[in-house]
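The values are calculated or read from the model by the stated rules, or taken from the named source; none is laboratory data. This is a predicted model, so every value here is computed, not measured. Don't worry about glycine lacking a Cβ; one is built from the backbone with ideal geometry, like all the others, and counts go over all protein chains shown. Only protein heavy atoms, including side chains, enter the accessible area calculation; ligands, DNA and RNA are left aside. Shrake-Rupley method; radii C 1.70, N 1.55, O 1.52, S 1.80 Å.
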Amino acid sequence: MKFGHFDDSAREYVITQPDTPLPWINYLGSEAYFGLISNTAGGYSFYKDARLRRLTRYRYNNSPLDMGGRYLYLRDNGTGKYWSPSWMPTRTKLDAYECRHGQGYTVITSKFNGIKSSTRYFVPLGESLEIWQTTLTNESASSVDLSLFSAIEFCLWDANDDATNFQRNYSIGQMEIVDEVIYHKTEYRERRDHFAYFACSEKLTGYDTVREDFLGKYRSWNEPEVVESGTSVNTEAHGWQPIGSHHVKIQLKAGESKQVIFVLGYQENPKDDKFDPPGSQIINKKRAKAALEKYLKQENADKAFNDLRDHWTMLLGKLQVTTPDEHTNRMVNIWNAYQCMVTFNMSRSASYFESGIGRGMGFRDSNQDLLGFVHMIPERARERILDLSATQLKNGGAFHQYQPLTKRGNNDVGSGFNDDPLWLVLGVSAYIKESGDWSILDELVQYENETGSESPLYEHLQRSVQYTLDRLGPNKLPLIGRADWNDCLNLNCFSDTPGQSFQTTTNKDGTVAESVFIAGLFVLACKEMMGLFEGYKLKIQGSTNFNLQPSTFYSEAATEMEKTVWAAGWDGDWFRRAYDDFGHALGSKENSEGKIFIEPQGICIMAGLGVDSGNAVKALDAVAEHLATPHGIVLQQPAFSEYYLHLGEISSYPPGYKENAGIFCHTNPWIMIAEAIVGRGDNAFDYYKRINPSAREEISELHKCEPYVYAQMIAGKDAATHGEAKNSWLTGTAAWNYAAITQSILGIRPTLDGLEISPVIPASWDGFSAIRKYRGVTYNITVENPMHVCKGVATVTANGRQVSGSVIRTQDGEKEVNVKVVMG
Ligand code: BGC
Ligand code: NOJ
């Protein structure tokens with residue numbers, strides 16, 4: 001069953017039924033000011049950091065689902081009947097309803113009793129504010145006298161404190177209502193230099209900022225007393241729960257339309273210019289007023305919206321493909337690319353499954369997210385790499401996450417995830433492959449954000465690799481530390497205390513448990529370093545101010561590690577997963593549960609292990625036999641049926657969920673890539689289709705999450721709800737699927753030397769075409785597959801020239817290259 005449909009030409013998903021299985025959300029904002037918005041206008045807004053600068057409140061885990069957001073109420077003053085044009089919160093049965101989610105905007109349109117209402121929500125580029133543009137049309141035969149009310153609930157900035165520290169917070173709320181603009185200024189009188197404002201383009205009939213006066217005692221958002229009575233109380237909040245509500249009266253003749261604009265914004269003032277007049281306690285509003293002056297005008301709001309659309313046309317235009325599969329086309333051309341941008345902006349901080357207060361920007365996560373968005377905005381990828389590497393520890397290790405507002409690493413979820421630093425190598429390499437900007441390796445970057453600790457980024461990468469070599473275990477495999485990519489494989493934790501964090505508890509010395517996954521990742525990172533070394537060496541042509549490892553270092557280290565993997569990490573038919581604190585293998589036939597894991601099969605083959613010997617094919621056949629399901633590939637089998645003290649969080653999950661044998665979607669593309677590496681395009685694409693959200697749209701009632709973005713997890717075959725997705729939006733699944741389909745299957749791959757085209761596609765395809773903008777050149781690519789092979793290129797021409805090999809080299813000054821690839 002579907003709850004809407006894709007409108008590919010508008011690049012929108014159109015939800016046509018408000019009671020979707022879960023709130024189906026979207027994101028507003030792309031730089032500093034962000035919002036989450038659901039299909040019924042639920043959600044919240046924040047500036048840069050969902051924990052430390054929360055503008056509006058949202059109650060997770062609420063009942064009814066998704067209560068609280070950017071609400072409007074309409075009231076027919078003739079009859080007294082009121083309703084929510086976004087369906088929630090009044091849940092009045094609407095005569096028509098449609099929610100269109102696009103890139104950075106959402107439009108909710110509905111009709112009730114002849115009144116059509118359409119509200120477009122978005123954040124203009126470069127601004128710290130959101131616009132709600134509401135157009136009301138009287139489609140009935142007679143005039144109508146309407147009241148329009150807005151309603152938001154302010155958050156007292158620190159979302160964690162706001163949700164817990166009531167003894168203080170009920171006393172600190174402060175407002176100013178001046179010139180019909182509602183200003184929220186809690187804590188502005190003391191150390192904060194920022195405030196929020198909420199304004200309306202129309203003359204107000206009234207306003208409210210005291211929640212209980214607006215709602216009425218013991219009432220909820222679905223039946224506010226003010227809306228019911230049609231009369232605002234004009235209240236000013238002192239403490240308790242400050243809200244913002246405007247009341248506008250609108251008369252519409254039959255057929256008449258009117259637009260009303262609301263602006264919710266965030267403003268910072270210089271510390272010495274906070275008050276006006278100076279010395280008073282009154283907010284200096286001049287900056288906010290300038291923004292309002294501009295955006296409460298329809299033509300300026302329209303222009304800002306058009307600019308946003310153009311911006312996305314430009315970003316998505318970096319790669320557009322036309323394949324025989326519509327799900328591939330719309331995911332690559334629109335939604336997967338868009339999700340990659342959102343994961344880049346949010347990391348794992350704020351979604352409907354991430355509360356915005358739990359996690360900051362992940363070190364590992366951000367490096368992987370880069371793979372998906374680097375072609376759209378290389379300059380922001382550069383900035384992100386430098387921010388991340390400045391938090392790197394001197395020993396080469398990493399804080400697991402950093403706070404976006406401060407850009408400082410924090411220990412809230414510990415450090416010592418021993419895979420973390422290696423992802424930096426992959427991230428930097430992906431950046432240079434895309435941009436050709438080798439200068440990033442010379443950037444002087446601090447360690448642990450300490451002044452005086454600066455060294456070239458290249459040296460950071462050396463230390464990342466050295467970090468693994470300094471931590472080898474009894475089998476010479478890398479020690480796992482707190483965990484590797486699988487945060488829940490906590491082999492040094494041994495926790496038997498309820499509620500204790502698996503992520504931060506360590507009670508073993510960490511000298512025994514090893515990871516085959518990190519070994520594979522290490523080989524991959526060494527291979528990337530070999531390429532980076534060559535380029536770096538050519539560039540510096542002389543000595544460095546640090547000890548540059550010799551050219552053979554990475555090839556020897558990789559070879560040595562590969563030997564170790566074959567000696568201790570190969571189980572006969574697949575790669576093992578790890579060794580536990582007792583020195584026992586995991587992910588081996590020796591185990592009764594957790595015999596085979598997906599991660600090492602993916603990463604080791606991606607690093608090239610077993611590709612020549614045939615062991616890679618063996619491992620992939622084992623994946624197909626033991627792990628593949630129609631809904632995707634599960635993380636491991638057999639699922640852990642009980643809690644194992646020595647394994648940690650992984651066995652804390654009921655079988656079939658999350659890391660305990662769920663379909664952890666992030667890992668599926670590794671298998672797609674591995675299948676492509678061994679040339680099995682049919683298998684690669686088959687796995688791609690199984691978890692492609694658009695291809696799963698028809699089973700939305702089972703899948704439950706949005707059909708336009710990937711979810712982190714789909715319940716595995718051991719689960720009661722096999723096929724049900726959770727944790728949509730913020731997941732490495734976005735970037736890795738994007739990489740798998742575009743770089744490995746379609747084979748359009750940036751390399752250090754230029755753009756390579758080397759497809760591994762389903763044999764049934766006649767071919768495909770693509771437009772790729774790369775390093776300032778537009779490549780118009782046509783791939784033909786007359787022999788119906790999965791892999792293999794017979795001829796390649798670029799602007800008519802025969803190309804040897806698969807990397808396309810441009811001639812000087814060429815801005816457009818027509819590439820024709822004939823497979824066979
Ligand atoms: C989840 C992991 C996640 C970790 C982050 C665990 O509970 O299962 O997927 O990475 O928390 O802290
Ligand atoms: C989600 C985390 O964000 C990611 O870093 C991790 O690799 C996976 N969970 C697997 O545990």
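Remarks
- If the condition is being in a helix (DSSP H, G or I) and closer than 17 Å to TRP485 by Cβ, then the range 573-618 contributes ILE598, GLU599, PRO600, GLN601, GLY602, ILE603, CYS604, ILE605, MET606.
- Within the range 773-802, the only residue that satisfies the criterion of being in contact (Cβ under 8 Å) with a residue 60 or more places away in the chain, open to solvent by 60 Å² or more (accessible area, probe 1.4 Å) and not in a strand (DSSP E or B) is ARG775.
- Residues of the range 174-197 satisfying the condition of being surrounded by 15 or more Cβ atoms within 10 Å (Cβ to Cβ) and not in a loop (DSSP other than H, G, I, E, B): GLN174, MET175, GLU176, ILE177, VAL181, ILE182, TYR183, HIS184, HIS194, PHE195, ALA196, TYR197
- Filter result for THR209 (of a type in the set (S, T, N, Q), surrounded by 13 or more Cβ atoms within 10 Å (Cβ to Cβ) and in a strand (DSSP E or B)): yes
Okay, residues lined up against (1) open to solvent by less than 10 Å² (accessible area, probe 1.4 Å); (2) part of a strand (DSSP E or B):
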position: THR90; (1), (2): no, no
position: GLU98; (1), (2): no, yes
position: SER117; (1), (2): yes, yes
position: LEU125; (1), (2): no, no
position: GLU130; (1), (2): yes, yes
position: THR135; (1), (2): no, yes
position: SER140; (1), (2): no, no
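- Restricting attention to the range 474-484, the residues being within 13 Å of ligand 1 (Cβ to nearest atom) and surrounded by fewer than 24 Cβ atoms within 10 Å (Cβ to Cβ) number 0.
- In the range 338-391, the qualifying residues are those that are among the charged types (D, E, K, R), part of a helix (DSSP H, G or I) and within 16 Å of ligand 1 (Cβ to nearest atom), and the one that is surrounded by the most Cβ atoms within 10 Å (Cβ to Cβ) is ASP369.
- Residue within the range 226-237 that is open to solvent by 60 Å² or more (accessible area, probe 1.4 Å) and either at pLDDT below 95 or of a type in the set (Val, Ile, Thr) (or both) present: yes
- For the range 706-729, the set of residues classified as more than 14 Å from HIS666 (Cβ to Cβ), in contact with a Ser or Thr (Cβ under 6 Å, 6 or more places away or on another chain) and either of a type in the set (Asp, Glu) or within 16 Å of ligand 2 (Cβ to nearest atom) (or both) consists of GLU706, ALA715, listed by residue number.
- Checked across the range 741-751, the condition of being small (Gly, Ala, Ser), at negative phi, over 20 Å from the mean Cα position of the chain (by Cα) and open to solvent by 10 Å² or more (accessible area, probe 1.4 Å) holds for at least one residue.
- Test for ALA639: is it assigned to a helix (DSSP H, G or I), buried (at least 23 other Cβ atoms within 10 Å of the Cβ) and more than 14 Å from ligand 1 (Cβ to nearest atom): no
- Residue within the range 502-521 that is under 25 Å from the mean Cα position of the chain (by Cα), outside any helix (DSSP H, G or I) and among the hydrophobic types (A, V, I, L, M, F, W, C) present: yes
- None of THR313, THR323 is open to solvent by less than 90 Å² (accessible area, probe 1.4 Å), without any contact (Cβ under 8 Å) to a residue 12 or more places away in the chain and polar (S, T, N, Q) except THR313.
- Selection status of GLN368, within 14 Å of LEU424 (Cβ to Cβ) and away from ligand 2 (no atom under 16 Å from the Cβ): no
- Number of residues in the range 373-400 that are farther than 20 Å from ALA32 by Cβ and within 14 Å of ligand 2 (Cβ to nearest atom): the value is 3.
- Considering the range 303-327, and only residues there that are part of a strand (DSSP E or B) and not hydrophobic (A, V, I, L, M, F, W, C), the residue that is farthest from TYR687 (Cα to Cα) turns out to be GLN320.
- Among the conditions (1) within 14 Å of ligand 2 (Cβ to nearest atom); (2) crowded, with 24+ Cβ neighbours inside 10 Å; (3) part of a helix (DSSP H, G or I), VAL428 misses just one, which is (1).
- Within the range 486-517, being crowded, with 24+ Cβ neighbours inside 10 Å and either at pLDDT below 95 or within 16 Å of ligand 1 (Cβ to nearest atom) (or both) holds for ASN486, LEU489, ASN490, LEU491, CYS493, SER515, PHE517.
- Within the range 41-76, the set of residues being closer than 19 Å to LYS185 by Cα and assigned to a strand (DSSP E or B) comprises TYR44, SER45, PHE46, TYR47, ARG54, LEU55, THR56.
- Just one of (1) within 16 Å of ligand 2 (Cβ to nearest atom); (2) more than 17 Å from LEU477 (Cβ to Cβ) fails for GLU625. It is (1).
- Restricted to the range 722-772, the set of strands (runs of 3 or more DSSP E) holding at least 2 residues that are within 16 Å of ligand 1 (Cβ to nearest atom) comprises 725-728.
- For the range 659-669, the criterion of being away from ligand 1 (no atom under 16 Å from the Cβ), in a helix (DSSP H, G or I) and either crowded, with 21+ Cβ neighbours inside 10 Å or not hydroxyl-bearing (Ser, Thr, Tyr) (or both) is met by at least one residue.
- Just so you know, in the range 253-283 the residues that are touching a Leu at 6+ places or on another chain (Cβ under 7 Å) and crowded, with 20+ Cβ neighbours inside 10 Å include one that is farthest from GLN174 (Cα to Cα), and it is VAL260.
- Entry remark, the range 633-646: residues being closer than 11 Å to LEU489 by Cα and within 13 Å of ligand 2 (Cβ to nearest atom) number 0 in total.
- The set of residues from the range 670-684 being assigned to a helix (DSSP H, G or I) and either within 13 Å of ligand 2 (Cβ to nearest atom) or of a type in the set (Lys, Arg) (or both) comprises just one member, TRP670.
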